[in-house]
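K.L.:
Here it is, the structure in full.
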Amino acid sequence: MRSNEYRVILLAAGSGSRMRDITNNKPKCLLPVGNMPLIWYPLSLLEREGFKEVNVITLDVQHAEVKKAVDKLGLKLDVKFHTIRESDDLGTADALKKVAICGEWKEDVIVMGCDFITDQSLDEMIKLHRTTGAGMSAFFFPSIPESTSVPGPKSKIRTDRDLVVLDKHNRLLMLTSAMDHDENMSVRMRIIKKLGRIDIKSRLTDGHFYILDNRVWNFIISEENSDMSLKGEVLPFIIKQQFSHLNKVVHKESKGELKRLSVDIDDEQETEETHKFFKHFTVDELQNLTDLYNGYNNHPDSSYGRYLDDRLRCFAIIAPSGSSFKVNTLASYCEVNRQVLLAENWERFAKSKPLVRVDPSCGSKTRKIESSLVGANTQIGEGVKIEKCSIGSSCIIEQNVTLSGCIIMDGVTIKEGTVLTDCLISDKANIGTNCNLKSCLVDAKFSVPSITESSSKILSGVLMSTE
Amino acid sequence: MEENPVQPVSKSKRKRLRKKLNKQGPKEDGGEAQADLEFVPVVQVEPPAEPRPCLKPQPDLEKEEESPVKVEEPENTQEIPKTEQIKMDVTKGAEMSREEIKAARQAKKAAKKSKENKKPEQKEEKANVPKEKAQEQAQPKPAVVKEPVQKAPVEKIVEAASTEKAVVQQKSSKELKEERRLKQEAQRAAKAQKAEQAKAPKEKEAPAKPVKSVTENVNKPAKPMLTGLARTIAAMARECARIDCNRDGVHPAFLQLEARMQSRLLEGSTARVVGLMRALRSVINDYKVPENVAITRDLVEHVEKQVAYLRGRRLMSVALDHAIKSLRLNTFAYDVSEQDAKVTVNAAIDAYINKIEQDMQSVALNLAHKVKDGALLAVYSYSCLIMNALKQLFKTGKYFRVVVVGSTTHNGGMTMLSQLSDLGVQCTYLLINQVNFIMPKVQLVLLGAESMLANCSMVGPAGSAQIACVANSQGVPVYACCETSKFSYDSHQGSFFKQNELEPEFLAPQMKNTPYLSQCSLRCDVVPERFISAIITEVTILPCSSVPDVLHSPSSDTVLKSRTA
């Protein structure tokens, strides 16, 4: 149904640099969330919304693994893989250009990250994009609270916040990282003059979900675009172009005035790039005429017309709190794992799939399992207490183990009498008898010796950077 | 998504509401509700004494739409689901043409007869109902029922059906007899074998709904049953909310057009026509003829698919219909090449856009005759036709002042105001509730029409009728501005007609789930003929009564105006 309307690109080549501790052995897109690989969430969202085809970008070294995992999911989507070489160290914009080589697209394009989990309807987002006639729509949602507890050492976590500047209609005026502005952030007078009032939000997370107009897409993949990163460079550039003098709607009768308008340019150094950008925005006479005759005006109090007479408009789609997650930090990863354990949340995020608490293959010995998820072929011994945990498949949990608030990936062995609280145990780790771990992170394949007592530590064989 | 950019009006409105409430100080729920209602132009509150059982369960709705009954319906009746038609007599009766009324009357008589014949049997059946059930049936009887007796529900439906013309309208008495016979058979069958009821054809089932299923509904928690206008509104709202319209093969340009029209970001019929032309251009340019198919046939079908989508969302208006027909897609030669066809269509689109612009200029010239120097004009909401005319007038050096009337639900007035004041015209702005005191000073009221109807009334943005009425009562002439391409063969008297659209959201959103409240705000208004002094068209200034003459005149492009299906 949607296939003729939008092309979708799923970025799954991210290395997970903000959560290196758990992604050094596993592609980020395959991290388990609610015992499903992360990539399943965006894919099932797309499937639900009637998309037929998805383009997934992966790293060449991870391609086989990701492909195998995706095939196992049994989705009705036609998933097309595009690989990029890890050694090239390409930016997102470059990766998009790789996809674009495969053919010319006339449709608008949706670019989304594989770490995006939402319960919002794509339909609504797309409708907003359409009604506003936006050149680019970006999806934002309130950030998760910073106090979220994270296994591992309690270092001061520096989160890179975004500063999102919006007007009252949620038009996106600026998008920068707070890191770039240590002390002050300047907003151009022209923006304030034009809009009268702007809001600067610092507690919004960018969902890395962008709907791009075909014209904007053509710019991104064109030769003229030399920037590498979509989020860091290309999008801020596009957003900035909204305030270019070339962005004016040129009506037939006012063509003479164009010259006058171009007098008040304040940043000449960018004009060449700007011209290159607006080359992709051909004049659409009928659209201009429609706007001219249109009785709707969202800025009735200003002397400008609708949408301030701009051809290129960027909008933010803002979701309510708790509706979406961007799994790119350890904190958000733990938080989302906690969230999906609740039945009502599971239903929100994984609408089509029924919640199977304990896989039937786990046998039925006396045990106490509360609001947890247990994967297939996991053996659970007698007298085990499990509370608010998600446990992967093929794990062995021996008797009298107590687990609460843990995330345990596949193939983990936990020996007798161990107590784990708020821990994150990576694949195939081995934990000895009578350990007592609190808020610890156990690296993949690492064996924790028996009777270890530890809290807020990273237990691993190699010395690793702790961000 | 509360902070959504598309509906700025509602957000600010909500804020305003909240402010007002705060001023008034905290009140009880009831008080708050009162305060909300003050802002609501059309809010119908159902009396709480209504909890009658639903005669027909809601889930049946879908099924019935597919039932064979639908086939019997005359093609140009409304698309409102069948169940809703039953209660729509008041509003729908208004828009019946004379023949239809006649037919309906005949049908009514016939139906009455049939009812009389049936009565004894009905009683029999009622007697068969177990006592308990009969009691249950009687219990939820509303305190104020217009019908003297609460008859068996079966009969009630029959009665409702008989007063309702839509179903019976085109059935001769012969057919009615046939139907009655079938119905009786069905009743017998129902008694004998309740299991087989479901299989019985819907046509029979509708009137002869077995008593049992009705009593079953009584057992459900009493749902307030909407009646009359409220029901019509609910039906319209439901239909608007339905997204079942087939989206396969609909071009994104049309999806966008639909989204913008639906959420009121594209207002005014001329803007919509141009928007449609733009969408059509992208459709045509992206079009590829499938192999082994004649382009003439396929292209028409392809475009029709797009248009059907808009029609399904109740967004097609006369002006849009006219625009599509003007392209004459079906007149291509059989062997025309794809390239030639595209060029021809694009040329036709350009020609039509040119014609729109020319018509606007002509209207401006005609209007100039009617505006005296120093006149005070009143305009309501936004109309690009009037805007253009006033612009031309101002450029010729005529001095006039304008009272711009706006409303809270549409910001067209504001658009008009800002554009006029940009020009340098002296303006006054007020809301529609204050129009009474300014009217004596006004010399001329100008209304931009969405369409002119065959019964000489005008369709304009909601509120037009009110302005016209006030002007009329104070002897101020009202001129409707309308191109002849917007003249329509339809005739409606009430505002509840097929092409009219509902507001996308509720006026009192915080009371959305109140069961006794049905909210409705329509986009268009029908202004009766007697309120309008003249129509200013691109041809000339006409009296209202000559709309049919224009429609029938051989000189106008009547081919294009052939009755819309």
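K.L.:
For region B:454-478, enumerate the residues that are buried (at least 23 other Cβ atoms within 10 Å of the Cβ) and not aliphatic (A, V, I, L, M).
P.N.:
Across region B:454-478, the qualifying residues are B:SER457, B:GLY460, B:PRO461, B:GLY463, B:SER464.
K.L.:
Of the conditions (1) touching a Phe, Trp or Tyr at 6+ places or on another chain (Cβ under 6 Å); (2) within 14 Å of another protein chain (Cβ to nearest Cβ); (3) not hydrophobic (A, V, I, L, M, F, W, C), B:ASN472 clears all except one; give me its number.
P.N.:
Of (1) touching a Phe, Trp or Tyr at 6+ places or on another chain (Cβ under 6 Å); (2) within 14 Å of another protein chain (Cβ to nearest Cβ); (3) not hydrophobic (A, V, I, L, M, F, W, C), only one is false for B:ASN472: (2).
K.L.:
Is there a residue in region A:87-107 that is within 22 Å of A:ALA138 (Cα to Cα), touching a residue at least 60 places away in the same chain (Cβ under 8 Å) and aromatic (Phe, Trp, Tyr)?
P.N.:
yes
K.L.:
In region A:433-451, how many residues are within 30 Å of the chain's Cα centre (by Cα) and either closer than 10 Å to A:LYS415 by Cα or charged (D, E, K, R) (or both)?
P.N.:
Counting residues in region A:433-451 that are within 30 Å of the chain's Cα centre (by Cα) and either closer than 10 Å to A:LYS415 by Cα or charged (D, E, K, R) (or both) gives 3.
K.L.:
While we're looking at this one, here's another question. Give the residue, chosen from A:LYS368, A:LYS326, that is charged (D, E, K, R), more than 14 Å from every other protein chain (Cβ to nearest Cβ) and either in contact with an Asp or Glu (Cβ under 7 Å, 6 or more places away or on another chain) or under 30 Å from A:GLY135 (Cα atoms) (or both).
P.N.:
After ruling out the rest, the residue left standing is A:LYS326.
K.L.:
Here's another thing I want to ask about it. Against the definition (in contact with a helix residue (DSSP H, G or I) (Cβ under 8 Å, 6 or more places away or on another chain), crowded, with 18+ Cβ neighbours inside 10 Å, under 27 Å from A:ASN337 (Cβ atoms) and within 14 Å of another protein chain (Cβ to nearest Cβ)), how does A:PHE139 come out, yes or no?
P.N.:
yes
K.L.:
Suppose we filter region A:1-29 for residues that are crowded, with 20+ Cβ neighbours inside 10 Å, assigned to a helix (DSSP H, G or I) and either free of Cβ contacts under 8 Å to residues at least 40 places away in the same chain or of a type in the set (Asp, Glu) (or both); how many remain?
P.N.:
Final tally of qualifying residues: 2.
K.L.:
Does at least one position in region A:95-114 carry a residue that is within 14 Å of another protein chain (Cβ to nearest Cβ), over 25 Å from A:ASN214 (Cβ atoms) and surrounded by 18 or more Cβ atoms within 10 Å (Cβ to Cβ)?
P.N.:
no
K.L.:
Which of the residues belonging to region A:313-329 are hydrophobic (A, V, I, L, M, F, W, C) and over 17 Å from A:PRO142 (Cα atoms)?
P.N.:
If the condition is that a residue be hydrophobic (A, V, I, L, M, F, W, C) and over 17 Å from A:PRO142 (Cα atoms), then A:CYS314 is the only one that fits.
K.L.:
Related question: Go through region A:17-56 and give me each residue that's away from chain B (no Cβ under 14 Å) and over 28 Å from A:ARG357 (Cα atoms).
P.N.:
Answer for region A:17-56, where residues must be away from chain B (no Cβ under 14 Å) and over 28 Å from A:ARG357 (Cα atoms): A:SER17, A:ARG18, A:ARG20, A:ASN24, A:GLU53, A:VAL54, A:ASN55, A:VAL56.
K.L.:
Residue by residue through region A:168-195, note down the ones that are surrounded by 12 or more Cβ atoms within 10 Å (Cβ to Cβ), away from chain B (no Cβ under 14 Å) and assigned to a loop (DSSP other than H, G, I, E, B).
P.N.:
A:MET185, A:VAL187, A:ARG188
Conditions tested, residue by residue: (1) in a loop (DSSP other than H, G, I, E, B); (2) at pLDDT 90 or above.
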| position | (1), (2) |
| --- | --- |
| B:VAL470 | no, yes |
| B:PRO504 | yes, no |
| B:ASP525 | no, no |
| B:ILE535 | no, yes |
| B:THR558 | yes, no |
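K.L.:
Of the numbered conditions (1) under 20 Å from A:ARG48 (Cβ atoms); (2) out of contact with any His (no Cβ under 8 Å at 6 or more places or on another chain), A:PHE116 fails exactly one; give the number of that condition.
P.N.:
If we test A:PHE116 against (1) under 20 Å from A:ARG48 (Cβ atoms); (2) out of contact with any His (no Cβ under 8 Å at 6 or more places or on another chain), just (2) comes out false.
K.L.:
Is there a residue being assigned to a loop (DSSP other than H, G, I, E, B), within 14 Å of another protein chain (Cβ to nearest Cβ) and of a type outside the set (Val, Ile, Thr) anywhere in region B:432-446?
P.N.:
no
K.L.:
Follow-up question, since we're still on this one. Taking B:VAL425 as the residue in question, decide whether it is at pLDDT below 95, under 21 Å from B:LYS391 (Cβ atoms) and more than 14 Å from chain A (Cβ to nearest Cβ).
P.N.:
yes
K.L.:
List, please: which pairs have Cβ atoms under 8 Å, are six or more places apart or on different chains, and start with a residue in region A:60-74 that is touching a residue at least 40 places away in the same chain (Cβ under 8 Å) and end with one that is of a type in the set (Gly, Ala, Ser)?
P.N.:
A:GLN62/A:ALA13; A:VAL66/A:ALA12
K.L.:
A further question follows. Condition first: within 24 Å of A:VAL216 (Cβ to Cβ), of a type in the set (Lys, Arg), assigned to a helix (DSSP H, G or I) and at pLDDT 85 or above. Now tell me which residues in region A:57-101 satisfy that.
P.N.:
A:LYS97 - this is the single residue of region A:57-101 that is within 24 Å of A:VAL216 (Cβ to Cβ), of a type in the set (Lys, Arg), assigned to a helix (DSSP H, G or I) and at pLDDT 85 or above.
K.L.:
Taking the stated definitions as given, is A:ASP123 closer than 30 Å to A:PRO32 by Cβ and away from every other protein chain (no Cβ under 14 Å)?
P.N.:
The answer is no for A:ASP123.
K.L.:
What is the one condition in (1) within 27 Å of A:ALA316 (Cα to Cα); (2) away from every other protein chain (no Cβ under 14 Å); (3) of a type in the set (Ser, Thr, Tyr) that A:SER149 does not satisfy?
P.N.:
Just one mismatch for A:SER149, condition (1).
K.L.:
Find the residue count for region B:288-314, including only residues that are in a loop (DSSP other than H, G, I, E, B), away from chain A (no Cβ under 12 Å) and either buried (at least 18 other Cβ atoms within 10 Å of the Cβ) or of a type outside the set (Gly, Ala, Ser) (or both).
P.N.:
7
K.L.:
Counting residues that are touching a Leu at 6+ places or on another chain (Cβ under 6 Å), within 28 Å of A:PRO236 (Cα to Cα) and at pLDDT 85 or above, which strands (runs of 3 or more DSSP E) fully inside region A:264-380 reach at least 1?
P.N.:
The strands (runs of 3 or more DSSP E) meeting that bar are A:314-318.
K.L.:
If the requirement is being modelled with pLDDT under 90 and not in a helix (DSSP H, G or I), which of these qualifies: A:VAL250, A:VAL234?
P.N.:
A:VAL250
The values are calculated or read from the model by the stated rules, or taken from the named source; none is laboratory data. Computed from a prediction, not measured in an experiment: that's the story for all the values here. Neighbour counts run over all protein chains shown; Cβ positions are idealised from the backbone, glycine included.
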